[in-house]
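Asks: Quick one: this structure, given as structure tokens, is what I'll be asking you about.
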Amino acid sequence: MPKTPRWLRMSVSVLLALAAAGLTAGTSAASPPAAQSAPADPMKAVAAMQPGWNLGNTLDAIPDETSWGNPLATKALFDTIRAQGFHSVRIPVTWSGHASATAPYTIDPKFLGRVKQVVDWALADGLYVEINVHHDSWQWIADMTTQHDQVLARFDATWQQITAEFRDESSKLLFESVNEPQFNNATDAQKTQFMNELNTSFHTIVRQSGGNNATRLLVLPTLGCTPDQKLMDDLAATISSLHDRYLVATVHYYGYWPFSVNIAGGTTFDAQVKKDMTDAFARMHDTFVAKGIAVYLGEYGLLSEPTSDTVERGEMLKYYEELGYQARLAGVTSELWDDANFLNRDTLQWRDPALVAQIRSSWCTRSATASSDLVFVPKSSPIGDEKLTLNLNGTTFRGLWQGNTRLVERRDYTVSGDQLTLTAAGLTRLVGNRAYGVNATIEARFSAGLPWQLKVITNDPPALSAATGTTSSFTVPTQFRGDVLATMEAKYADGTNAGPANWTSYQQFNSAFAPDYANSGIVLTADFFKAVNDNAPVTLTFHFWSGATVTYHVTKSGSAVTGASS
């Protein structure tokens, strides 16, 4: 196992103070330290970068810094990040819109100066900083198969100018050769060759530029930044051939794809999702960390935004809790991808403080979870006991609370091992008059980590109504009756799959369909109907988190759509 990074050995009191200080961005903090040199040992330096945060969709936005909806980066932004307990920031940069596409590929000095200004703000806060060549990867580097010499010349010229600008910056600045590199219409052998060429050329250019670049930490990616074993082996071979101890491997992790985007029935953080994660981090450790090569997880998250409802909130919390733990086990430094769906760049406040608290807690300790964070109580039938399985993760159950009131064991709940039972009597008190929706929020508390919140929800089976519309505008009228949509299946009368993902009956959440709770409907998207055969009735099965399933039938005829309930 890897040595425990320095930051994990912080005292409990310091960690608790840090967590308390960072739940709101407005918390005051002592003046941040000035930029200092990184430790001479690369493994220690990368460990000191944990935890990290990405300034996504800003200097990498196309064509300009504010083009993707974020404001200009400010010094106050980095003050906030430092105050939140982050030790490093990754600053993605897309250069193509600010440089000539023909030789000598000159970068606009004004843009280069802007990048330096942003980097210097972060360094002044004592943060480690990484910059890279970002969306250029698919804009022009991907054409290396057919424009090999031109792409390589432009890549080299880009890095020659970057290294010249930053050669005397603090050693706490890292360079990453290219983000998620890809190559169009290339064979596997060509991809391996091109990846090695780019990383090797990048290494040569930086080292020959002198100054602090002679020993600056350089971050080298796998193809696509994918943690596949073959691709990591290719990178390990490149690193070995360069004979340079100041090299860092980088990959990204966005989870098991069906779960990350909610397709093919991937609604829960189940054994398959967990195995994908544990296997990925084990590969990172065994291929690099165990051999003395630091791993920088340059991006992690989910492929669906945290505010999109694509991944149910409790399942998302379980994912992030486990990811933080696996990164610690593997000795991997992790950088949260944030394109402003975590931190509101206008207010410098977290959009979802509780989610961020779970992520931050995972940096240093484990938190218990449960089989669900949703407890459904029927409105129109007798209330019974409801059972949940606790995932204790090494903690001990301490009890249930509603606000400051502790629930009474044996009256309101019972617990046996990892089985928590909410009693019919306790639930009856919690739901009150049983109005549809969330009637109460309670939390299970444990000996360590964060509490696990449970929403107690009154529901009845959802009711769907007939409708007409068009392929570009069709909504299934839905009385949700307190329930929450999990996923949707689509099949033709002969049992074959219908919809864009015709390899599975379960279509992609927020791509083929999406709930509209505010307007009492389920929207079927234009993309869904593009993949549906004309005059071929489709049976939809909507799955809800209560366990209820409701069928519905739609038929497309040209641009017209009709829908009917079963």
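Asks: Could you go through the stretch 299-314 and let me know if any residue there is assigned to a helix (DSSP H, G or I), closer than 17 Å to ARG360 by Cα and open to solvent by 10 Å² or more (accessible area, probe 1.4 Å).
Replies: Yes, the conditions are met somewhere in the stretch 299-314.
Asks: Further, regarding this structure: Could you list, in sequence order, the residues of the stretch 199-250 that are touching a strand residue (DSSP E or B) at 6+ places or on another chain (Cβ under 7 Å) and polar (S, T, N, Q)?
Replies: Of everything in the stretch 199-250, those that are touching a strand residue (DSSP E or B) at 6+ places or on another chain (Cβ under 7 Å) and polar (S, T, N, Q) turn out to be ASN199, THR222, THR226, THR238, THR250.
Asks: Out of everything in the stretch 337-356 that is assigned to a strand (DSSP E or B) and in contact with a Phe, Trp or Tyr (Cβ under 9 Å, 6 or more places away or on another chain), what residue ends up being surrounded by the fewest Cβ atoms within 10 Å (Cβ to Cβ)?
Replies: Looking at the filtered set, the residue picked out is ASN344.
Asks: Taking the stated definitions as given, is LYS230 more than 24 Å from LEU59 (Cα to Cα), in a helix (DSSP H, G or I) and without any contact (Cβ under 8 Å) to a residue 12 or more places away in the chain?
Replies: Yes: the conditions hold for LYS230.
Asks: May I pose another question? Only one residue in VAL484, VAL550, VAL532 is more than 29 Å from the chain's Cα centre (by Cα), open to solvent by less than 50 Å² (accessible area, probe 1.4 Å) and closer than 30 Å to LEU430 by Cα. Which one?
Replies: It is VAL550.
Asks: From the list ASN510, ASN459, ASN439, which one is open to solvent by less than 20 Å² (accessible area, probe 1.4 Å) and in contact (Cβ under 8 Å) with a residue 24 or more places away in the chain?
Replies: After ruling out the rest, the residue left standing is ASN459.
Asks: Residues ASN439, ASN393, ASN433: which one is touching a helix residue (DSSP H, G or I) at 6+ places or on another chain (Cβ under 8 Å) and more than 27 Å from HIS543 (Cβ to Cβ)?
Replies: The match here is ASN393.
Asks: Another question, if that's okay. Please state which of the following conditions VAL248 fails to meet, knowing it meets all the rest: (1) surrounded by fewer than 20 Cβ atoms within 10 Å (Cβ to Cβ); (2) among the hydrophobic types (A, V, I, L, M, F, W, C); (3) assigned to a strand (DSSP E or B).
Replies: Exception for VAL248: condition (1).
Asks: Still on this structure, I have one more. I'd like the full set of residues that are of a type in the set (A, V, I, L, M, F, W, C) and surrounded by fewer than 16 Cβ atoms within 10 Å (Cβ to Cβ), limited to the stretch 462-480.
Replies: The answer is ALA463, ALA466.
Asks: May I ask you to list the residues in the stretch 37-68 that are under 25 Å from CYS364 (Cα atoms) and in contact with a Leu (Cβ under 9 Å, 6 or more places away or on another chain)?
Replies: Of everything in the stretch 37-68, those that are under 25 Å from CYS364 (Cα atoms) and in contact with a Leu (Cβ under 9 Å, 6 or more places away or on another chain) turn out to be ALA38, PRO42, ALA45, VAL46, ALA47, MET49, GLN50, PRO51, GLY52, TRP53, ASN54, LEU55.
Asks: Follow-up. Only one of these conditions is not met by THR200: (1) without any contact (Cβ under 8 Å) to a residue 24 or more places away in the chain; (2) of a type outside the set (A, V, I, L, M); (3) surrounded by fewer than 19 Cβ atoms within 10 Å (Cβ to Cβ). Which number is it?
Replies: Result: THR200 passes all but (1).
Asks: Here's something else I'd like to know. Among the residues of the stretch 474-497, which ones are over 17 Å from ALA518 (Cβ atoms) and touching a residue at least 24 places away in the same chain (Cβ under 8 Å)?
Replies: Listed by number, the residues that qualify are PHE474, ALA486, THR487, MET488, GLU489, ALA490, LYS491, TYR492, ALA493.
Asks: Given the options ILE457, ILE383, name the one that is in contact with a helix residue (DSSP H, G or I) (Cβ under 9 Å, 6 or more places away or on another chain), within 30 Å of SER566 (Cα to Cα) and in a loop (DSSP other than H, G, I, E, B).
Replies: ILE383
Asks: Also, I was wondering about something else. Scanning for something modelled with pLDDT of 95 or more, in a helix (DSSP H, G or I), out of contact with any helix residue (DSSP H, G or I) (no Cβ under 6 Å at 6 or more places or on another chain) and within 23 Å of LEU59 (Cα to Cα), does the stretch 163-183 turn up at least one residue?
Replies: Among the residues of the stretch 163-183, at least one is modelled with pLDDT of 95 or more, in a helix (DSSP H, G or I), out of contact with any helix residue (DSSP H, G or I) (no Cβ under 6 Å at 6 or more places or on another chain) and within 23 Å of LEU59 (Cα to Cα), which makes the answer yes.
Asks: Could you look through the stretch 153-186, keep only residues that are under 30 Å from the mean Cα position of the chain (by Cα) and open to solvent by 70 Å² or more (accessible area, probe 1.4 Å), and pick out the one that is farthest from HIS203 (Cα to Cα)?
Replies: Checking each candidate, the answer is ASN185.
Asks: Related question: Looking at (1) under 15 Å from ARG345 (Cα atoms); (2) assigned to a helix (DSSP H, G or I); (3) open to solvent by 10 Å² or more (accessible area, probe 1.4 Å), which is the one condition that is false for LEU72?
Replies: (2)
Asks: Here is a further query. Six or more apart or on different chains, Cβ under 7 Å: which pairs go from a residue in the stretch 400-429 that's open to solvent by less than 80 Å² (accessible area, probe 1.4 Å) to one that's of a type outside the set (Val, Ile, Thr) and assigned to a helix (DSSP H, G or I)? Could you list them?
Replies: LEU407/GLY426; ASP412/GLY426; TYR413/GLY426
Asks: Out of the residues in the stretch 75-109 that are of a type in the set (Gly, Ala, Ser), open to solvent by less than 60 Å² (accessible area, probe 1.4 Å) and assigned to a loop (DSSP other than H, G, I, E, B), state the one that is nearest to LEU123 (Cα to Cα).
Replies: Taking the candidates together, the pick is GLY85.
Asks: For the stretch 326-345, name all the residues that are over 22 Å from PRO42 (Cα atoms) and in contact (Cβ under 8 Å) with a residue 24 or more places away in the chain.
Replies: TRP337, ASP338, ASP339, ALA340, ASN341, PHE342, LEU343, ARG345, listed by residue number.
Asks: Sticking with this one: Which of the residues that make up the stretch 487-520 are more than 22 Å from SER260 (Cα to Cα), over 28 Å from the mean Cα position of the chain (by Cα) and not charged (D, E, K, R)?
Replies: Result: TYR492, ALA493, GLY495, THR496, ASN519, SER520.
Asks: Do the conditions hold for TYR253, that is, is it in contact (Cβ under 8 Å) with a residue 12 or more places away in the chain, open to solvent by 30 Å² or more (accessible area, probe 1.4 Å), touching a strand residue (DSSP E or B) at 6+ places or on another chain (Cβ under 7 Å) and not small (Gly, Ala, Ser)?
Replies: No, not satisfied.
Asks: For the stretch 256-265, give me each residue that is free of Cβ contacts under 8 Å to residues at least 40 places away in the same chain and open to solvent by less than 50 Å² (accessible area, probe 1.4 Å).
Replies: PRO258
The values are calculated or read from the model by the stated rules, or taken from the named source; none is laboratory data. Keep in mind the model is a prediction, meaning the values are calculated, not measured. Here Cβ is always computed from backbone atoms with ideal geometry, including for glycine, and neighbour counts include all displayed protein chains. Just so you know, the surface numbers come from the protein's heavy atoms only, side chains and all, with ligands and any DNA or RNA stripped out. Shrake-Rupley method; radii C 1.70, N 1.55, O 1.52, S 1.80 Å.
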